1. Taking the Cα centre of chain C as origin, work out the dipole magnitude from +1 charges on Lys and Arg Cβ and -1 charges on Asp and Glu Cβ, in debye rounded to 20.
2. Using alpha carbon centroids, what distance separates region C:97-136 and region B:79-136, in Å?
3. Kindly express, to the nearest 10 degrees and within the range 0 to 90, the angle between helix A:55-66's C-alpha long axis and the longest C-alpha principal axis of chain A.
4. I want to make sure I understand the PRE zone here: with the label point 7 angstrom from the Cα of A:K30 toward its beta carbon, which residues in region A:95-125 have backbone N atoms less than 14 Å away?
5. Per-residue mean of other chain beta-carbon atoms within 10 angstrom of the beta-carbon, peptide B:24-34?
6. Mind listing the phi-derived Karplus ³J(HN,Hα) values for region B:96-111, rounded to whole Hz, using 6.51, -1.76 and 1.60 with θ = phi - 60°, and x for any glycine or proline?
7. Whole number please: convex hull volume per residue, Cα atoms of the protein assembly as shown, in Å³.
8. Given labels modelled 7 Å from the Cα in the Cβ direction, how far is it in nm from B:D61 to C:N123?
Amino acid sequence: MDTHVFTIETGHRRGVFDLTGEVVRFAAGKGDGLLNVFVPHATAGVAVIETGAGSDDDLMDAIDAILPRDDRRYRHRHGSPGHGADHVLPGIIAPSIVVPVIDGRPALGTWQSVVLADPNEDNPVRTVRLSFLHQT
Amino acid sequence: MDTHVFTIETGHRRGVFDLTGEVVRFAAGKGDGLLNVFVPHATAGVAVIETGAGSDDDLMDAIDAILPRDDRRYRHRHGSPGHGADHVLPGIIAPSIVVPVIDGRPALGTWQSVVLADPNEDNPVRTVRLSFLHQT
Amino acid sequence: MDTHVFTIETGHRRGVFDLTGEVVRFAAGKGDGLLNVFVPHATAGVAVIETGAGSDDDLMDAIDAILPRDDRRYRHRHGSPGHGADHVLPGIIAPSIVVPVIDGRPALGTWQSVVLADPNEDNPVRTVRLSFLHQT
């Protein structure tokens with residue numbers, strides 16, 4: 001299997017980080033197959049949404065409404081405020097998604113981008129694994 | 001890779017649209033493998049739930065409770081009312097799911113159907129891509 | 001395709017049930033590929049989260065806040081209290097996830113476990129299907 005691990009500097013900022021460029025580069029020349037985007041973190045997820053038109057921040061706001069950052073609600077509450085919520089996020093936005101690739105290009109729609117959703121300010125660097133399987 | 005794109009007429013209705021028939025037809029005769037259902041849209045998702053017993057509408061109600069259709073909440077708010085919420089939906093219900101196929105049949109449970117979750121009244125036609133990989 | 005079905009005794013307890021041990025055993029010796037975890041149930045999901053530090057129960061609490069177990073809210077409301085909510089859960093926590101496998105080991109992060117999220121007290125036994133595709 002063709003697999004590629006890279007890191008993304010998220011700094012100490014919460015939010016949505018676009019991975020589409022890396023996904024496109026990884027898929028290039030690979031023909032047809034299924035591409036998996038996976039983040040080996042317990043406080044982040046992977047989504048396919050529109051970016052650059054407000055919906056990336058809207059997603060983070062929605063997550064904060066769904067998973068309030070009031071640590072008294074959570075059993076898991078060491079660390080920075082909101083850390084309990086961070087650990088529930090991957091239950092709602094899974095850390096794994098599959099994107100079909102056709103003729104070396106992710107078959108994304110016009111308005112779709114592959115993103116890392118990272119609510120956590122404590123981890124300035126995140127790891128992403130891209131994996132590709134094709135039919136032989 | 002065996003891949004098949006089709007369209008589904010959702011009209012101007014919001015809701016859950018059953019894709020199981022198309023998935024079953026696509027899998028027929030294909031042996032064992034993994035089947036990906038992907039929608040190239042930024043305002044729709046794919047889910048596996050029971051249909052025909054109320055849960056399809058219950059899912060849309062739950063989504064509307066989680067993502068209220070009050071556009072003042074969203075940065076992305078051009079277009080029809082609720083469009084900001086529509087764009088967050090794929091962060092909660094991803095536009096991609098994998099279903100195992102055994103002997104040419106999706107290995108769904110008795111009460112499982114593959115559905116398109118489409119909160120958007122503006123797009124009367126949606127595109128779905130089915131892709132299948134098997135072990136050689 | 002290498003595929004393996006097993007059952008897990010959840011008893012009449014609601015909650016998160018760790019599947020990581022089974023996933024690790026299934027992947028062992030299989031080289032590199034994509035592993036799908038699928039549950040053929042309409043009232044359960046599969047997630048990748050941290051277990052054993054409170055987040056498993058936090059996830060169930062979050063689900064109960066998102067999907068209140070007041071059956072008057074749901075069209076689907078036969079059976080035990082909360083059954084309507086149980087049927088919406090797979091729309092939020094999908095019954096399918098893909099995990100990359102590298103050299104016979106799931107490429108999970110240190111704090112990640114693969115779990116069954118089961119809000120339902122009525123089904124004491126659940127079925128899980130693991131499927132693995134590798135590049136030939």
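1. In debye, rounded to 20, chain C gives about 400.
2. 20 Å
3. Around 40 degrees separate the two axes.
4. From region A:95-125, the list is A:97-108, A:114.
5. Averaged over the peptide's residues, the number is 2.
6. Here the 3J(HN,Hα) series is 8, 8, 10, 10, x, 10, 10, 6, x, 10, x, 7, 7, x, 3, 9 Hz.
7. 124 Å³
8. 2.2 nm
Read-outs throughout are calculated quantities, based only on the coordinates presented, and are distinct from any laboratory measurement. Note that the structure is predicted; figures quoted are calculated from it, not measured. Note that we place each Cβ from the backbone using ideal geometry, even for glycine, and neighbour counts take in every protein chain shown.
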